[in-house]
Amino acid sequence: MRVKRHPLATLEFFNTHHVLMTPTPIDLEGDIILEIGSGKGKFITELATLYPNKHFVAFEVQPSVCYHLVLKKEALQLKNLSIILDDAKHVKEYFKPHSIKQIWLNFSDPWPKTKHHKRRLTASHFLKDYQSLLSLNGELHLRTDHEALFLFSCETIKQHFKHVQCDTNAIPYVAMSEYEMKKRLHGPIYYLKAEGTHELL
Ligand SMILES: C[S@@+](CC[C@H](N)C(=O)[O-])C[C@H]1O[C@@H](n2cnc3c(N)ncnc32)[C@H](O)[C@@H]1O
């Protein structure tokens, strides 16, 4: 989905606010928790506030959306949150192999047309990248209100992970994204947690 460009969402703004845009592995110690498609960052900033000793990374492709995420990080003075502005197709290039403890996909774009399914963040080529990034006990989490995306993701994820738990009426988590705040009023939230990746082929 295309978003109108915010006039202040410039390259200079992102550079001066230390937003990562060049694919180089981040040098971080300890557990990393990554959200891909963070939007304006409500979920990841809430988690980063709750757990100051863990490191969080927000990954967002739209500059105008990322701009709000940066402002939120600044307002909350979060030292344990890094922000990447790039397309998820480059995610593997920003981290060392097996360095991530959790990957979160919250209300990812559903791409309903069959010809666009490969753009879904749970398409097989993305899952292979997540497999190579997750640590031994790493977890992939998905939350959505979109049933078709959920069913598709259950299928693809089962091909890549050994243990997959699906919940078709999830209770709120400790942090809630902008989309979940809105969608929760209108119907069930689907949730999936996957662990233990199969061997990478
Ligand atoms: C529907 S919004 C959900 C935002 C947020 N996660 C939430 O739950 O409120 C999906 C977000 O994913 C981002 N996104 C979509 N495709 C992406 C990609 N390939 N790489 C990184 N971000 C992506 C979009 O720009 C958008 O901000």
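Among the residues of segment 49-60, count how many are surrounded by 18 or more Cβ atoms within 10 Å (Cβ to Cβ) and either farther than 17 Å from M176 by Cβ or of a type in the set (S, T, Y) (or both).
Taking segment 49-60 first, the residues surrounded by 18 or more Cβ atoms within 10 Å (Cβ to Cβ) are 55-60.
Narrowing further to those that are either farther than 17 Å from M176 by Cβ or of a type in the set (S, T, Y) (or both): 55, 57, 59-60.
Number satisfying all stated conditions: 4.
Could you give me the residue pairs with C-beta distances under 7 Å whose first residue belongs to segment 149-178 and is of a type in the set (A, V, I, L, M, F, W, C), whose second residue is surrounded by fewer than 16 Cβ atoms within 10 Å (Cβ to Cβ) and assigned to a loop (DSSP other than H, G, I, E, B) wherever it lies, and which are 6+ apart or on separate chains?
F161/H198
If you scan segment 177-189, which residues turn out to be more than 8 Å from the ligand (Cβ to nearest atom), under 19 Å from the mean Cα position of the chain (by Cα) and of a type in the set (G, A, S)?
Those that are more than 8 Å from the ligand (Cβ to nearest atom), under 19 Å from the mean Cα position of the chain (by Cα) and of a type in the set (G, A, S): none in segment 177-189.
Go through (1) among the charged types (D, E, K, R); (2) more than 15 Å from the ligand (Cβ to nearest atom); (3) under 16 Å from S177 (Cβ atoms) for E74 and report which single condition fails.
(3)
Considering segment 77-113 alone, what residues qualify as being touching a Lys or Arg at 6+ places or on another chain (Cβ under 7 Å), outside any loop (DSSP other than H, G, I, E, B) and either more than 9 Å from the ligand (Cβ to nearest atom) or more than 18 Å from R143 (Cβ to Cβ) (or both)?
L81, I83
Out of the residues in segment 149-164 meeting the condition of being hydrophobic (A, V, I, L, M, F, W, C) and either in contact with a Gly (Cβ under 8 Å, 6 or more places away or on another chain) or part of a strand (DSSP E or B) (or both), tell me which one is farthest from D129 (Cα to Cα).
Let us first name the residues in segment 149-164 that are hydrophobic (A, V, I, L, M, F, W, C), namely 149-152, 154, 157, 161, 164.
Still in the list and also either in contact with a Gly (Cβ under 8 Å, 6 or more places away or on another chain) or part of a strand (DSSP E or B) (or both): 161, 164.
Details: F161: 13, V164: 18 Å.
Restricting to residues being hydrophobic (A, V, I, L, M, F, W, C) and either in contact with a Gly (Cβ under 8 Å, 6 or more places away or on another chain) or part of a strand (DSSP E or B) (or both), the top hit is V164.
Within segment 137-176, work out how many residues are closer than 13 Å to W104 by Cα and more than 16 Å from the ligand (Cβ to nearest atom).
Here the count works out to 2.
Return a yes/no flag: does segment 166-189 have any residue that is in contact with a Phe, Trp or Tyr (Cβ under 8 Å, 6 or more places away or on another chain), surrounded by 14 or more Cβ atoms within 10 Å (Cβ to Cβ) and polar (S, T, N, Q).
Among the residues of segment 166-189, at least one is in contact with a Phe, Trp or Tyr (Cβ under 8 Å, 6 or more places away or on another chain), surrounded by 14 or more Cβ atoms within 10 Å (Cβ to Cβ) and polar (S, T, N, Q), which makes the answer yes.
Coordinate-derived values only; no laboratory data. In this text the structure is predicted, and so the values were computed from the model without any measurement. Don't worry about glycine lacking a Cβ; one is built from the backbone with ideal geometry, like all the others, and counts go over all protein chains shown.
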